[in-house]
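First comes the structure, then the notes that go with it.
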Amino acid sequence: MMQQFSGSVEVVCGPMFSGKTEELIRRVKRAQIAKQRVQIFKPAMDTRYAEEEVVSHSSQAMKAEPVDGSVDILMRLKDSTRVVAIDEIQFFDDKIVSVVTKLAARGCRVICAGLDLDYRAQPFGPMPQLLAIADEVTKIHAVCTVCGSHAVRSQRLSKSKEQVLLGEADAYEARCRGHYQLDEVEEQALLPLEEEKRRATEQLSH
Ligand code: ADP
Ligand code: MG
């Protein structure tokens, strides 16, 4: 059977404070102006500001349905829904990739917002897969709290080693590559180029 609507997958990613939630809200508002039915979801574990809203750092907010797992999004989907927006999507399990794919196959426009990297600057959960299956990727920056240039990373201010540590301006800061530090122990000193090449050759030959 021919599909009536063509679905799509959009991913908005970047570090904390980069405006992912603002951008998600902006896109949802425009869809509502176009009189398209929208459902907004967020992981129930993200209780930072409100349990049933997505809230930006600039205090913009919109009602959202908290869900425990990715499959719950499909379970709660209404037949009339044309646009599905999912905030903090990095917190979902790997099944989110097939859920998003199914939504798009059903003709939904899926707007995903999430952290591309965790506090260790490693790809966050299902984000690599989501970025790969997306039709459109928007990577946005925050402002580095040290120098004011493009911030691409989230600096954790506490010593906790949990990948997930809910917190706000007191727990994280947006930083550029240069002003981001993992911690004293894990931080790699910059090697002389010849030494860097020697080590790389050694590692590749194993
Ligand atoms: P995200 O969802 O990516 O964490 P939000 O949409 O919640 O971002 O918030 C973006 C807003 O955060 C900005 O419009 C600005 O008002 C505020 N903000 C606070 N600190 C910063 C920063 N270091 N860089 C950019 N925006 C910041
Ligand atoms: Mg956000």
Is the stretch 68-80 home to any residue that is open to solvent by less than 10 Å² (accessible area, probe 1.4 Å), in contact with an Asp or Glu (Cβ under 6 Å, 6 or more places away or on another chain) and either modelled with pLDDT under 95 or β-branched (Val, Ile, Thr) (or both)? no
Would a scan of the stretch 88-109 turn up a residue that is away from ligand 1 (no atom under 11 Å from the Cβ), surrounded by 21 or more Cβ atoms within 10 Å (Cβ to Cβ) and either among the charged types (D, E, K, R) or at positive phi (or both)? yes
Pull out all pairs, ordered by first then second residue, where Cβ-Cβ is under 7 Å, the residues are six or more apart or on different chains, the first lies in the stretch 97-119 and is free of Cβ contacts under 8 Å to residues at least 12 places away in the same chain, and the second is within 16 Å of ligand 1 (Cβ to nearest atom). none
Considering only the stretch 78-103, state which residues are more than 16 Å from the chain's Cα centre (by Cα) and over 21 Å from Thr21 (Cα atoms). Lys78, Asp79, Ser80, Ser98, Thr101, Lys102
When the residues of the stretch 1-51 are filtered to those that are of a type in the set (Gly, Ala, Ser), away from ligand 1 (no atom under 16 Å from the Cβ) and at pLDDT below 95, which remaining residue is farthest from Leu130 (Cα to Cα)? Ala44
Residue set Tyr180, Tyr172; condition modelled with pLDDT of 95 or more, of a type in the set (Phe, Trp, Tyr) and open to solvent by less than 50 Å² (accessible area, probe 1.4 Å); output residue Tyr180
1 or more residues within 13 Å of ligand 2 (Cβ to nearest atom) and touching a residue at least 60 places away in the same chain (Cβ under 8 Å): qualifying strands (runs of 3 or more DSSP E) within the stretch 1-63: 8-14
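The values are calculated or read from the model by the stated rules, or taken from the named source; none is laboratory data. These numbers come from a predicted model, not from an experiment. Note that we place each Cβ from the backbone using ideal geometry, even for glycine, and neighbour counts take in every protein chain shown. Each accessible area value is taken on the protein alone, full model and side chains, heavy atoms only, with ligands, DNA and RNA left out. Shrake-Rupley method; radii C 1.70, N 1.55, O 1.52, S 1.80 Å.
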